[in-house]
1. Rounded to the nearest 500, what is the chain's calculated 222 nm mean residue ellipticity when only DSSP H runs of at least 4 contribute -39500 (n - 2.57) each, over all residues?
2. Only sites in a loop by DSSP and with at most 12 other Cβ atoms within 10 Å count here; which chymotrypsin sites (Phe, Trp or Tyr not before Pro) in region 602-704 make the cut?
3. Measuring from the lowest to the highest alpha carbon on each principal axis, how far does region 959-1066 reach, largest first, in angstroms?
4. Please give me the summed charge of the neighbours of GLU990: other residues whose Cβ is under 12 Å from its Cβ, Lys and Arg +1, Asp and Glu -1.
5. For region 753-897, compute Rh as the Kirkwood radius over C-alpha pairs and then the Stokes-Einstein diffusion coefficient at 20 °C and 1.002 mPa s; write the answer in µm²/s, rounded to an integer.
6. State which entries of LYS74/LYS163; LYS770/LYS837; LYS163/LYS392; LYS323/LYS447 exceed 28 angstrom in Cα-Cα distance in the structure shown.
7. If R₀ is 45 angstrom, what is the calculated FRET efficiency for the pair ARG390 and ARG842, using the beta carbon separation as r and rounding to 0.05?
8. Take peptides 388-395, 8-15, 333-340 and line them up by average Cβ neighbours within 10 Å, highest first, as a rough protection proxy.
Amino acid sequence: MNHTDAQQYVQQLEAAMAQIRPWGAVAIVGAGMSFAGYPMTAGLNPLLWQALDACPPALHATARTIGQPPTPAKDLLGNNWDKLSRGYQQLRLHADARASFQLGFQALDRQRQPSPAHQAMARLMHHGLIELTVSFNWDTAVERAWGAQYGTPLPAAAAQFVKPHGDAARPRAAWILPDEPGFVPPDLAERVRAMLTERPRVLLIVGYSESDEDVVTQLTGPMGQQWPVVRIGPSATGPLAVTATADDALPDLASQLVPEPELPGWRWVDYSIQRDLGAALRGYRLTSQDAEACPQSPEAADVAQRLTVANLARLQAPSGCGKSVTAFQAARMLNHDGWEVVELAETGVATRATVQSLARTHYPTVAVVDDAQALRPEVLTSLERLASSRLKVLLVHTDDENAPSTDPATVHLLPTRAVQLLADHISAHQNGLLSVLSRLDDRLGQKPFTISVDERLAEARQASRPWQFMFVLTGGERRAAEEVAFLREHNRADLLLAVLSAQQLLSLDAGIDETTLLPLAAGNLDRSQRWAHDALAALVGRRLALPGERIRTPHQRFAAYALRAVLRTGTQPDEQLLQHLRRQLTDPTTALRGIHWLLDDLRQVEQLRYRRPPLLMDETTTQTLVDRCIHAPRQERAAAAMVLWHVTWWGEEARTQVLSRDAIIARWISEATTAEAYSLRWAASGLRSDRGEGGTWATTAAQIPPLQFAHRLNTELTAGSVYSWSELVGELWQVVPQEWKKECVEALDRATLLTAAHDLDEYSVHGYTKLAMWCAAADISLYFEMMSEAAPAISRTLTTAPGQAVNNLFDFLLATYWAEDPQPQDDARRRFVEEAKVLVRRIIAATSWETAADVVSKGDLRSWGSLDVLAHWLHSHDPIAYATFTDNITLASLDTRTAGLWHDMMELRSITQTLSCGTSREPGRSWITTHADEITTMPSWAIAIAPDTAAAISRRGGTLSLGLSGGAHWDWAADALQSLTETNRPVAVELLRCSRSDLTNALTNNQFHSANGLAEFLNAADTCAPDIVDAALEALAPTQISESWPAMLDGADEQRIAAATLITRTARIHGPMGEQARQLQRHLPVGESPSPGEADA
């Protein structure tokens, strides 16, 4: 194009834009629009030949109409239009021939990509500048261009894109064939007439010849008489003609009329591009491209429902739990219904301008805001206010220490459930994933000397979060350690990885741009810019740093691990790296929440925490952080409280600095909001001594006005906030006097407390029951009122998540557990037991134990972790309900989930004891017997359940263990020895004989925590083989127990009884130990020493 032509072309574009910009347009599209990739009418001849050849009846009929004998269609018709029109006539009469023709064009269409003209047309339509497009082409290029750019099909309901002559997406419908006149549907003609009476627009004709009489009469003619007409094509004519191809002119028009980017700060999500599970296995940050490969959690449907109903939803969980992919899975459900999905162009980065651009969306849209915790509060508020019936907003937060959100719009992604979901998915698809897994860790495989996927899965199932699960499954720790070691040898490139990782944590996972990272690292580490560039290239090359506008490691959890690994390398961390970290911690522009994230991970580095003086938190750094936190603005108070708690971890000197400001923290507590309560709980915790004593903090805390604190609870408490408040109340209860508690509880509004129970879920029921327990310290009647209101929620939790319920309801289960019918000695305890029985019976009756059993059957080791506590509690109250529960647990399902774990039974205790609470120990006893051949080592708790099987295992050379070496679980050892003695005394005696040295060591090292069941064990051992007990006691050294045994006498009741039994039993033997025990026996309190009969019992 010469200069004159170029000038003319620019003028033509400007004239066209001057009309389209204010008025908008109706577009008429013809074959010239798709000329670059599709055949024009004459070019369709080969497709007609093929269709007729594929349908002999149609070919023969065509030959007859022409008056020639049947020959191949190409020879019969050639390029003669008269003959070709006869062929098209037969297509209409023969369905198979028409189908062959139209399916052939569909196949061609699928192989063609949208051209620049199609993409530009889609942008103009999406921006609303083209209100209606009438395409006389069959191809789907515009629709696919729309889908690729905006992630949804063209919205059919809007009827914005009309194809009167046929559509390659519907090859079985009747198309208008080339020999037919143009066709305008009546409803389209009526629509155009309505538009003509409404207001002016521009008629935009692209690549259309205007030779069809009906089209001209009903569409282009009427519009052209009233509206400006812009024609685009190499031979276009008219005052507003643009003499250029559609591929040249339309993109230029769109670039001027539609801003680039169209939605500043956002990008559309296209779900058509998906990757396999490899990204998740490698620990990469998951995106919309992983929505299909990753198993979908129940929370995704919950989020989608909340978006549908309430327009706003929040998804919250700790890092590494799959929040991002869950959010995109939820948004995908709405995307299937035609909703566009957008995400931030830079994750975790948004401004007011970003929010304002989102408000200008033209179509129903779901905005996924990942890393919302990195956004400023005012930006988050603005995003929330945008939520409407046409704009759904999904905020994805990484929480702090799993601190629960108090907002009812928040969905909590449960990490343990996500781990189980992943484990089950990978177990079911492990054959297809084995090649990927073995590439990530060459120790995995099916060959000799490799680790099976099942073995590694069993280990990975213990993970607390999905990212950790993937990390363990793929040998991530080994790979990460190897990477750090490699980078250390690569001119200390590991230091840049540490700097990048720290910045990822400090920025709340937003990452850091390259132009900031490189000079920051080079300057603070006293290295060259060249070193920084080379180190970054090494990180990117090994996929430890993901390039982009903001650089990150593959995942926030990897960043934390990598930073710790670098700091742990060598005898002492690099001083320049420590200095860099100090500078970032004391930089006033660093977000306090980011400092909390960083310190939360660094306190796990032993080389930093336990060195004196501290290597990281020196006096200046500590003082600067404390001063900043104390003077933090109100909106940062929660983060400031968490940082103050972290500071107290770094030694008594640091704690003293925080303690000197305890009056300010007390004032914060008296003014607490729900958003601050959980953080203040930790700040207060840090002010107590390591021994749990309140000290000066107890005095200060008692100055908090109890009525003012009660008022804060009355004002703020909801089902969503109860967990945070229960944590803060529980912490205060450790230090304030009883009078303070009573005055506070009396001021609580009962209606507020009881109403909060109505909306409890499995997450918040934990906090509510704990709050009720704290209230019980001052008002037992209030406890039962609250628990009665919470009973339906407790039953739901027991039904749907029995394993999780143990953790959430542990205090309640413990308070209402009795192995036998209790015989309370005082009126208060008697009244408590009577009311508790009524409450417990109500909860048990409302729980579906069949459903709970099904959940257990489908669970895994982690979900069974404390299930035995629930089972013992249930059996103590209602043996029939317990039998219903255990009878409905499917042992075959448990067999599948415990495969490979029976050799030492270490991981099977909880689920096996769950099945063995009754006097018959069934079905646990039979389950153990079924797997007897797999057992090589049988622990004490299993011996107690199945002593016959234990004896059989011993006879065939297996190992029985009382587990005495650690000096704990004397109760299990007592049960095992008693059961085995009753079943097979010789095997019991031999087991005790083999355990004699362990018994001596355990009694020598016995401490307060390990006395539970000791008296019972000594009695069981005496019943089995008293001579072995004598030998174990005679082997003790008097000097070694001279302090530990008397110390036990100063302990709790259980320790005193155990010590008295032990001393009394030892006093019966001869030698130095007997003499030492007899001396101690003289100092036993009256009534503390068991009688000889009691000691022998």
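1. Taken over the chain, the calculation gives -17000 deg cm²/dmol.
2. TYR610
3. 38, 25, 23
4. +4
5. Details: Rh = 15.6 Å.
My calculation gives 137 µm²/s for D.
6. Check vs 28 Å cut-off fails for LYS74/LYS163; LYS163/LYS392; LYS323/LYS447.
7. On the way: r = 46 Å, r/R0 = 1.03.
Once the sixth-power term is evaluated, E becomes 0.45.
8. Descending packing order for the listed peptides: 388-395, 333-340, 8-15.
Only the coordinates and a few stated rules stand behind these numbers; no lab work does. Model, not experiment: these values are computed from the prediction. Methodologically, a virtual Cβ is constructed for each residue, glycine included, from the backbone with ideal geometry; neighbour enumeration extends over all protein chains shown.
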